[in-house]
Amino acid sequence: MKQSRYIWAVLWFSIGGLICSAQEMVYTGNPDVSFMNARDLAFNGHRTEARDTLEQILTKYPDYTDVSSLLAKTHSWDGNYDTARKLLNRITSVERENKEAWIAAINNEVYAENYTIALGLTNKSMLYLDLDEDLLQLKDKIIGLIKGSPAKEALMVPDTLETINYKNRIGVGNAFDIFDIVYDPMVYSSIEYRRETEAGSIIPRINYSNRFGIRGLQYELDFYPKLSKTFYAYLNYGYSNATIYPNNRAGVELYANLPKSMEASLGMRYLDFNSSRATILTASFGLYKGNYYFSLRPYVTPRSDGPMSVSGSLLARKYLKDGENYLGVTAIYGVTPELRQLRADGVLLAETILYTESQQLLFEYQFTGNKRPNVYRANLGVTRQELTFEADRFFWAISAGIKYEVKF
């Protein structure tokens, strides 16, 4: 009797735990916005994170065809052909005239090198889509594959017909700081070119500043190499002979895409000033949650003649219609080397700036144009920072900036 009661108690607790777990996983976001975010993640190589979001949407909207189709395509791109086949078969068996799903299903068989099956699917799709031009071209290419024509990667019809994968961007930005005491307004400008390659993104950049009455240029190069499906890296080098910039700056960081839409990294920054040098250790932890993204980043600067400097930032973003459109806020404690608050006594930058007390709140808004592939970003922030030449005395600064990018 006692044993029976014990078994029933265990069962009830187990059922209660399953119910609580299911309730925690209920999707409550906007399915259209989440789908656009997932699509952006998928086409930028973050397919694991994209699948997490797509699967969450389907728990509440199982008949959302576009979501199921994109989920299938991410599996196909990663070589999970059987999983993709099952998902796409469900769509095409119900939505007979869904051209995008048919093309994805055909391409999935070509990726799997099942050319005869792919040809059969092409013939079947044209029963419902008549003699569609894209399908006719795809059929000719599959016949060529069967006969031994060039590599299949060159023959595929795009899985998402309306998506244009831009490989290049040119961006121009301008910003300024206004202070309540001591300093005159400071101006910052930059121009950069971004190129997407098979190895990763390459971004050469020229920075211009007018600070302390001195003008100067800095030349930078960023590289984001793709190491595997899980790992990618960040490499940076900057040079300047102007006194208002570090002579040399370098950065290296390793990023890992983790399950459950998480990302983590570990790296360092190096700043070579006129009179001193600084090595800064950093890391980050990011989380995608529905239409939101959160990121925590600490900075630790060791010091041989005193206590180390600890600073950090917390970023929160809400994505709107896709990954290019968002609202964000960043809270910063301490001086971070990623930003431009390297202001010291006189005109020279110095390592001591990393040990001053500082707080900053920064708001940002990025949006895209209606018809042309343009991206606009605006930011507005307020900073409270200790004067380096007078301890416990602080200044206030208002920062504002805009950036314009065109994709082609």
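The values are calculated or read from the model by the stated rules, or taken from the named source; none is laboratory data. Since the structure is predicted, the reported quantities are computational estimates derived from the model, not experimental observations. Virtual Cβ from ideal backbone geometry, glycine too; neighbours counted across all protein chains shown. Ligands, DNA and RNA are stripped out before the accessible areas are found, and what is left, the full protein with its side chains, is counted by its heavy atoms. Shrake-Rupley method; radii C 1.70, N 1.55, O 1.52, S 1.80 Å.
Kindly provide the set of residues from the range 168-180 that are closer than 17 Å to LEU380 by Cβ and either part of a loop (DSSP other than H, G, I, E, B) or open to solvent by 30 Å² or more (accessible area, probe 1.4 Å) (or both), ordered by number.
The initial filter retains those residues of the range 168-180 that are closer than 17 Å to LEU380 by Cβ, namely 173-180.
Of everything in the range 168-180, those that are closer than 17 Å to LEU380 by Cβ and either part of a loop (DSSP other than H, G, I, E, B) or open to solvent by 30 Å² or more (accessible area, probe 1.4 Å) (or both) turn out to be ASN174, PHE176, ILE178, ASP180.
Would you please name the residue that is nearest to TYR224 (Cα to Cα), looking only at residues in the range 272-310 that are aliphatic (A, V, I, L, M) and surrounded by 18 or more Cβ atoms within 10 Å (Cβ to Cβ)?
Within the range 272-310, the subset aliphatic (A, V, I, L, M) is 278, 280-281, 283, 287, 296, 300, 308, 310.
After this cut, where a residue has to be surrounded by 18 or more Cβ atoms within 10 Å (Cβ to Cβ) as well, the list is 278, 280.
Details: ALA278: 23, ILE280: 20 Å.
So the residue we want is ILE280.
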Q. Do you know which residues across the range 89-122 are more than 16 Å from HIS75 (Cα to Cα) and touching a residue at least 60 places away in the same chain (Cβ under 8 Å)?
A. LYS99
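Search the range 127-167 for residues being open to solvent by less than 40 Å² (accessible area, probe 1.4 Å) and among the charged types (D, E, K, R), and hand back the single one that is modelled with the highest pLDDT. First the steps, then the outcome.
Keep residues of the range 127-167 that are open to solvent by less than 40 Å² (accessible area, probe 1.4 Å), which gives 129, 132, 135, 138, 142, 144-145, 152, 155-157, 159-160.
Narrowing the set further to residues that are among the charged types (D, E, K, R) leaves 132, 152, 159.
Details: ASP132: 76, LYS152: 46, ASP159: 53.
Looking at the filtered set, the residue picked out is ASP132.
Looking at the structure I just gave you, is ASP78 in contact (Cβ under 8 Å) with a residue 24 or more places away in the chain and either within 22 Å of PRO62 (Cα to Cα) or not polar (S, T, N, Q) (or both)?
Numbers: in contact (Cβ under 8 Å) with a residue 24 or more places away in the chain: yes; either within 22 Å of PRO62 (Cα to Cα) or not polar (S, T, N, Q) (or both): yes.
So ASP78 passes the test.
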Q: Determine whether VAL375 is modelled with pLDDT of 90 or more and open to solvent by less than 40 Å² (accessible area, probe 1.4 Å).
A: yes
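For every residue, the table says whether it meets (1) modelled with pLDDT under 50; (2) more than 20 Å from the chain's Cα centre (by Cα).
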| position | (1), (2) |
| --- | --- |
| TYR6 | yes, yes |
| LEU11 | yes, yes |
| ILE19 | yes, yes |
| VAL26 | no, yes |
| ALA42 | no, no |
| ARG47 | no, no |
| ASP52 | no, no |
| ASP66 | no, yes |
| LEU71 | no, no |
Q.
Just checking: which of the helices (runs of 4 or more DSSP H) contained wholly in the range 18-113 hold 2 or more residues that are polar (S, T, N, Q) and open to solvent by 60 Å² or more (accessible area, probe 1.4 Å)?
A. 47-60, 81-94
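Among the residues in the range 226-236, are any over 23 Å from the mean Cα position of the chain (by Cα) and of a type in the set (Gly, Ala, Ser)? Let's see the steps before the verdict.
Residues of the range 226-236 over 23 Å from the mean Cα position of the chain (by Cα): none.
Scanning the range 226-236, I find no residue that is over 23 Å from the mean Cα position of the chain (by Cα) and of a type in the set (Gly, Ala, Ser), so the answer is no.
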